[in-house]
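Scroll down for the structure; my scribbles are underneath it.
The values are calculated or read from the model by the stated rules, or taken from the named source; none is laboratory data. Source: prediction; values computed, not measured. Cβ placement follows ideal geometry from the backbone for every residue including glycine, while neighbour counts extend to all protein chains displayed. For accessibility, only protein heavy atoms count, side chains too; no ligands or nucleic acids. Shrake-Rupley method; radii C 1.70, N 1.55, O 1.52, S 1.80 Å.
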Amino acid sequence: MGEKVYMVKKMKKEGCGIPLIGDEFPKMKVQTTKGMIKLPKAFKEKWFILFSHPADFTPVCTTEFFAFQARYQQFKDLNCELIGLSVDQIFSHLKWIEWIKDNLDIEIEFPVIADTGEIAKTLGLIHPAKASNTVRAVFIIDPTGIIRAILYYPQELGRNIDEILRMIEGFNQIEKKQVAIPANWPNNEIIGKGLIIPPIPDIEEGKKRSDKYKCLDWWLCYRNYYKW
């Protein structure tokens, strides 16, 4: 325990903090199963999701890769790309991807980054109090290269890929209509698929809201969902 505490303090001292929501995604050149890629430049004008996993040939990670690939077209339909990462090298990634194809009958089409540890350090993917390999992190980056969301899962808990897909669709709705997304959308218990209208700018606008939108009160109004 003492060693883990020391490592955490050491990382903080060296400034190895994670990028934050609203920050620009760090510019980097990465080696992947699809060749060298410059981030975030390679995905300019697209959303992209960078997700890290602890290691190749691990059970939970294998189920995640299968689930991401099974929904890959849905992500692409929302103008979103995927890119994986672990502190393993290309030959390991390629062999693992081959195993997934041969045994699970699905071909991984998105690139996977081979990291020596530098990228994990830059993005804050090593959490010493938990383990020495990468946690299950998810970075959602918008078409301008800005980090819009960050998720963390422990190594023993697989990600909910449908939730990540829901977030991208939600962000698309936010960008298109300048709305907010309610809990459990599009199955919210109060307003269903409704999209919440931002706070009123003045009293006069508040009076008009009930004529333009569905309202539970002047401060909680919503509009109908539309297909992106």
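Some points to look at:
Conditions (1) closer than 30 Å to residue 55 by Cβ; (2) open to solvent by less than 60 Å² (accessible area, probe 1.4 Å), marked per residue:
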| residue | (1), (2) |
| --- | --- |
| 153 | yes, yes |
| 159 | yes, yes |
| 162 | yes, no |
| 171 | yes, yes |
| 191 | no, yes |
| 197 | no, yes |
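- Just one of the listed residues (186, 143) is within 23 Å of the chain's Cα centre (by Cα) and more than 21 Å from residue 83 (Cβ to Cβ), namely 186.
- Residue list for region 173-183, restricted to those being under 19 Å from the mean Cα position of the chain (by Cα) and crowded, with 18+ Cβ neighbours inside 10 Å: 173, 181, 182
- Where strands (runs of 3 or more DSSP E) fall entirely within region 134-228, those with at least 2 residues that are within 21 Å of residue 74 (Cβ to Cβ) and modelled with pLDDT of 95 or more are at 136-141, 147-153.
- Taken across region 84-107, residues that are out of contact with any Lys or Arg (no Cβ under 9 Å at 6 or more places or on another chain), at pLDDT 95 or above and under 27 Å from residue 20 (Cα atoms) do occur, with at least one present.
- Conditions (1) touching a Lys or Arg at 6+ places or on another chain (Cβ under 8 Å); (2) surrounded by 15 or more Cβ atoms within 10 Å (Cβ to Cβ); number of the one not met by residue 41: (2)
- Checking each residue in region 1-25 for being at pLDDT below 95 and either small (Gly, Ala, Ser) or in contact with a helix residue (DSSP H, G or I) (Cβ under 8 Å, 6 or more places away or on another chain) (or both) picks out 2, 15, 16, 17, 18, 19.
- Here residue 208 qualifies as over 31 Å from the mean Cα position of the chain (by Cα) and either within 26 Å of residue 141 (Cβ to Cβ) or open to solvent by 100 Å² or more (accessible area, probe 1.4 Å) (or both).
- In region 44-68, the residues that are over 15 Å from residue 109 (Cβ atoms) form Cβ pairs under 8 Å with partners that are open to solvent by less than 10 Å² (accessible area, probe 1.4 Å) and of a type in the set (Asp, Glu), at six or more places apart or across chains, as follows: 53/64.
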